[in-house]
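The values are calculated or read from the model by the stated rules, or taken from the named source; none is laboratory data. None of these values were measured; they are calculated from a predicted model. Every residue, glycine as well, gets a Cβ built from its backbone with ideal geometry; the counts of neighbours run over all protein chains shown.
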Amino acid sequence: MELYALLDESSLQKRGWSHERFVERAVTLGAKLLQYRNKDEDIELVREKLEAVVSLFPGRVIVNDYPELAPLCGGVHVGQEDLLRYAKKPEDAVEALRRSVGSGWIGLSTHNEDEILRANDLEIEYIGLGACRATGTKDDATVLGMEKISRLASFSKHPVAVIGGVRLDDVISNADYLVVGSALYED
């Protein structure tokens, strides 16, 4: 499994870390992917910070929820509820996202077997699957646990990125990526 670092801007600010420090930590731990998530600032500030992160990180950077910013990086990640902002049918929504993202990656959060099976029919690069454990960044996340995530991941035809409370030392069958956020701040 590869490390997929999650740089959540509000978590970064709460901990008093810089983008440079977070990226350095992620690179030191071997991260090949990094998702930049910023839910609180206007799009111009998100753009500035995303560009800074892209300039620092040597791997693929994915932006959360801003397909219009995906050309600045390596793709976009969206949630189930966000997907339908782009079209009524998931296939059409992914097609609309693809127009913004171009050759970049599209990732989609999933939480159960039905969502995974629907995602199998979509032209996306990976699914996020979780939550593995309770997390401080998503209060409403349903915790699936490692065993159930391993079972659900086996249904996906796409690479699986385990999300939500993931730890650096987790080993999860049928998963390709560990999406680690808060655990990166621990030394």
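Quick notes
- Looking only at residues of segment 21-30 that are hydrophobic (A, V, I, L, M, F, W, C) and without any contact (Cβ under 8 Å) to a residue 60 or more places away in the chain, we find that the one that is farthest from Asp176 (Cα to Cα) is Val23.
- Complete set of residues in segment 150-165 that are under 16 Å from Leu6 (Cβ atoms) and either hydrophobic (A, V, I, L, M, F, W, C) or touching a residue at least 60 places away in the same chain (Cβ under 8 Å) (or both): Val160, Ala161, Val162, Ile163
For every residue, the table says whether it meets (1) among the polar types (S, T, N, Q); (2) touching a helix residue (DSSP H, G or I) at 6+ places or on another chain (Cβ under 6 Å); (3) modelled with pLDDT of 95 or more; (4) under 29 Å from Trp17 (Cα atoms).
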position	(1), (2), (3), (4)
Asp139	no, no, no, yes
Ile149	no, no, yes, no
Ala153	no, no, yes, no
Ser156	yes, yes, yes, no
Pro159	no, no, yes, no
Ile163	no, no, yes, yes
Asp176	no, no, yes, yes
Ser182	yes, no, no, yes
Glu186	no, no, no, yes
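- Across segment 80-103, the number of residues qualifying as of a type outside the set (A, V, I, L, M, F, W, C), under 18 Å from Ile116 (Cα atoms), out of contact with any Phe, Trp or Tyr (no Cβ under 9 Å at 6 or more places or on another chain) and part of a helix (DSSP H, G or I) comes to 5.
- Val53, sole failed condition from (1) surrounded by 17 or more Cβ atoms within 10 Å (Cβ to Cβ); (2) more than 24 Å from Tyr177 (Cβ to Cβ): (2)
- Filtered residues of segment 3-30 (kept if outside any helix (DSSP H, G or I), closer than 22 Å to Gly128 by Cα and more than 13 Å from the chain's Cα centre (by Cα)): Leu29, Gly30
- Whenever a residue of segment 166-187 is at positive phi and of a type in the set (S, T, N, Q), its partners that are assigned to a loop (DSSP other than H, G, I, E, B) and loosely packed, with under 15 Cβ neighbours inside 10 Å, lying with C-beta atoms within less than 6 angstrom and at least six residues away or across chains, give the pairs Asn174/Ser154.
- Of all residues in segment 38-84, those being touching a Gly at 6+ places or on another chain (Cβ under 9 Å) and either polar (S, T, N, Q) or touching a residue at least 60 places away in the same chain (Cβ under 8 Å) (or both) number 1.
- Counted residues, segment 62-100 - those being of a type in the set (Val, Ile, Thr) and more than 15 Å from the chain's Cα centre (by Cα): 1
- Residue match in segment 61-79 (condition: of a type in the set (Asp, Glu) and in a loop (DSSP other than H, G, I, E, B)): yes
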